[in-house]
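The values are calculated or read from the model by the stated rules, or taken from the named source; none is laboratory data. Just so you know, these numbers come straight off a predicted model, no measurement behind them. So basically every Cβ, Gly included, is an ideal-geometry build from the backbone, and we count neighbours across all protein chains shown. Calculation scope for accessible area: heavy atoms of the full protein, side chains included, ligands and nucleic acids excluded. Shrake-Rupley method; radii C 1.70, N 1.55, O 1.52, S 1.80 Å.
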Amino acid sequence: MSNRLATATSPYLLQHQDNPVDWWPWCEEAFAEARRRDVPVLISVGYAACHWCHVMAHESFEDEQIARLMNDGFVPIKVDREERPDVDAVYMTATQAMTGQGGWPMTVFATPDGDPFFCGTYFPRANFARLLDSVTTAWRDQREQVVQQGASVVEAIGGAQLVGGPTAPVSAELLTAAANGLLKDQDTTNGGFGGAPKFPPHMSLLFLLRHHQRTGSGEALEAVRFAAERMGRGGIYDQLAGGFARYAVDATWTVPHFEKMLYDNALLLRAYTQLWRLTDDPFVRRIADETAAFLLRDLGTPAGGLASALDADAAGVEGLTYAWTPEQLTEVLGADDGGWAADLFGVTAEGTFEHGSSVLVLARDIDSADPALTERWRDVRERLLAARATRPQPARDDKVVASWNGLAVTALAEHGLLTGAESSRVAALEIATVLAERHVVDGRLRRVSRDGVVGEPAGVLEDYGCVAEGFLAVHQLTADGVWLDRARDLLDVALGHFGTGGGGFYDTADDAERLVTRPADPTDNATPSGLSSICAALVAYAALSGEPSYREAADAALATAGPVIGGHPRFAGYSATVAEAALSGPYEIAIVAPAGQEGPLLTAAHRHAPPGTVIVAGEPDRAGVPLLADRPLQSGVPTAYVCRGFVCDRPVTSPDDLAARLGR
């Protein structure tokens, strides 16, 4: 018989609807039930694409004996971390404080008031059974100590999340220190930063690209180029269908953890698109194009918007869809092409993955090869992909997350503008429309939707920042003033309900559900922090609207992230990216032209724009577009106005003059 999760909208919660565990969703009624029964709550946090979440579910949550221990001694609560990032943030902070590390599945034992007193991550079945017995005994026999432990943890994590700490205004010196810190940590053998497990450092790459543009640092550009090449040739990139996996388990980018997340691919699409803009590298362009295609083909949902993730597993086996042996290649391709493909894709008899299989890598430079070889590679890819489609396929978490779709809107808009890809331009507008019409309810953002129905969880700060930034990208794409207005509305809510009063921001609104602490984390991790994403939107909005109060708010907020940018740049990639734009101006480029005649100037603007530049093209004085106001054509021909800090240079009418003005 199904439990209470059967009516959930979260695919992750629905995965547990038939467990013998008497799960509750996150709700006040669950805590009231714990108080009524005088038992602790057991909060289990995970997400649909999480491999070890599936393992713990199969080992423990589907086991009748374990379920009996959970049901008898606790009120079990299941949480989708992607649907409730605020809940996840609070208890992840507690888990890291108590254990020194975190991850998912996250397992938290808490009082009926929600105070965590014991935290961990994945527990094997036998260990979990012993832990349940131990916690039940401690709650019965050592209640006072358990409650005091919970109170102490809440006090500790409250202190860790307090706002009002030291600040460091953005400066050239601060960003140079951040870039040098990243470059010092670079893996000069394999690309990227640090060792295994290795996550694609998309936000750090975006920062280094902007740092290169502003300073001319060749070292910064080479670090990005090298990392992009190694990732794009590695097994972390799907060599047949495009798209990046969540991370590599090794330092060489060879064997991934196979889940594919929307946010990683959106941010990597931006990084590869911007790198191509600066280098014209055909390999980089191909990876950008294929990543955009992956987003639309594999994550597009029938009701509009992009799904959250593809699972790491297929039919309960990690990597089953993706790994190959030499014999399997030969079976699909024949002996000649099979041997050729094995060499090209690094498939060996020993294997790089499990059971003698290999994850495909790109071991040869095919993009610059003879056209006949390139055509053979394309044919082989198509045949292998068709064969792969007959294998069990990974499940898809098809909920639409506001912030991640906002990231995708920005990435697709940039890709469409820079490469001319019409599919990306159209998709950016369509996804933004879904966010505006479905996720904005009574002027406030909702975090998730599924099957065209918006969910109840309130948007957190990162939702407001990422969606507002996406709306501003669409404003630049379309020169339609409605998107500027929609972005302003979201920013006004963020300023009015999320501000700390000291320049910073909380991650939850002042009228949101009260948790044991109110999270306020300025660090960038898997996704941009709420603070860095709202700063990005504030900086862009100020430049597009000419309203300086939004820029003042951005500068104050960036200063609160300054110590992290300077001291821990790997955890401040997006803050540093935004800071580069702020330090550069950002530039504002208005291109006024009769409809359809802005092309050459617009192309030059996009190819040569300094970091974070905002660009709008359209007819002079178009309604609702401040950047086009009071900027006439010169001599009746298309004209570009280059401004910085609301001060404009003499207008130019030729692409070469515009490129020169922008410093090429």
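Net charge dipole, region 1-146: roughly 180 debye, given to the nearest 20, about the Cα centre with Cβ charges of +1 for Lys and Arg and -1 for Asp and Glu. The C-alpha atoms of the chain define a longest principal axis, and helix 64-73 lies at about 90 degrees to it.
The chymotrypsin sites (Phe, Trp or Tyr not before Pro) of region 578-664 that meet both conditions, a loop assignment by DSSP and at most 15 other Cβ atoms within 10 Å of the site Cβ, are Phe646. State the Cα centre-to-centre distance between region 514-530 and region 315-367 in whole Å. Cα centroid to Cα centroid, the span is 41 Å.
A cut-off of 5 Å between modelled amide H atoms, ignoring neighbours fewer than 5 places along the same chain, links Ala458 with Arg447.
Convex hull volume of the Cα atoms of region 112-185, normalised per residue: 149 Å³. Against the chain, whose longest principal axis comes from its Cα atoms, helix 85-99 is set at around 60 degrees.
Reported to the nearest whole Å, the Cα centre-to-centre distance from region 160-238 to region 442-499 is 28. Within the chain, what's the longest run with no GluC sites (Glu not before Pro) in a DSSP loop and at most 15 other beta-carbon atoms within 10 Å? Give the range, please. Between the exposed loop sites, the longest stretch runs 63-349.
Summing charges over neighbours of Gln393, with a neighbour being any other residue whose Cβ is under 15 Å away from its Cβ, gives -3 when K and R count +1 and D and E count -1. When the P(r) is computed for region 407-502, the part past 22 Å accounts for 28% of the Cα-Cα pairs. Positive contributions from Lys and Arg (+1) and negative ones from Asp and Glu (-1), summed over other residues with Cβ under 15 Å from the Cβ of Asp22, come out at -2.
Against the set (1) 18, 51, 28, 3, 0; (2) 17, 40, 28, 13, 1; (3) 20, 55, 23, 2, the structure's computed P(r) over Cα pairs in 20 Å bins from 0, in percent falls on (1). Using only the alpha-carbon atoms, how far is helix 402-419 inclined from the longest principal axis of the chain? Give it as 0 to 90 degrees, nearest 10. Tilt relative to the chain: about 30 degrees.
With contacts taken as Cα pairs under 8 Å and at least 6 residues apart, region 386-435 reaches a relative contact order of 33 percent. Using Cβ point charges alone (K and R +1, D and E -1), the dipole size of region 527-664 about the Cα centre works out to roughly 320 debye.
Dipole check for region 215-374: with +1 at the C-beta of Lys and Arg, -1 at the C-beta of Asp and Glu, and the Cα centre as origin, the magnitude is about 640 Debye. Each Lys or Arg adds one and each Asp or Glu takes one away; over the other residues whose Cβ falls under 11 Å from the Cβ of Val255, this sums to -2.
At a probe radius of 1.4 angstrom, the accessible area of the chain per residue rounds to 37 square angstrom. Each principal axis of the Cα cloud of region 536-650 was taken in turn, and the coordinate range along them, longest first, works out to 52, 27, 21 Å. Using every pair of separate Cα atoms, the Kirkwood estimate puts the hydrodynamic radius of region 450-605 at 16.5 angstrom. Selection among Gly150, Ala178, Asn127 by position relative to the dipole of region 121-195 gives Asn127 as farthest towards the positive end (Cβ unit charges, Cα centre). The portion of the accessible surface of the chain made up by carbon and sulfur, rounded to a whole percent, is 50 (1.4 Å probe; DNA, RNA and ligands excluded). Considering only Tyr464, Ala581, Ser308, the residue lying farthest towards the positive end of the dipole of the chain is Ala581, judged by Cα position with unit charges set on Cβ. Candidates Thr95, Ser533, Pro197 compared by Cα position along the dipole of the chain: farthest toward the positive end lies Ser533, with charges placed on Cβ. Shown in residue order for region 137-148 are the 3J(HN,Hα) couplings computed by the Karplus curve 6.51 cos²θ - 1.76 cosθ + 1.60 at θ = phi - 60°: 5, 5, 5, 6, 9, 10, 4, 4, 5, 5, 5, 5 Hz (x for Gly and Pro). Normalising the average separation of contacting C-alpha pairs (under 8 angstrom, six or more residues apart) by the number of residues puts the relative contact order of the chain at 12 percent.
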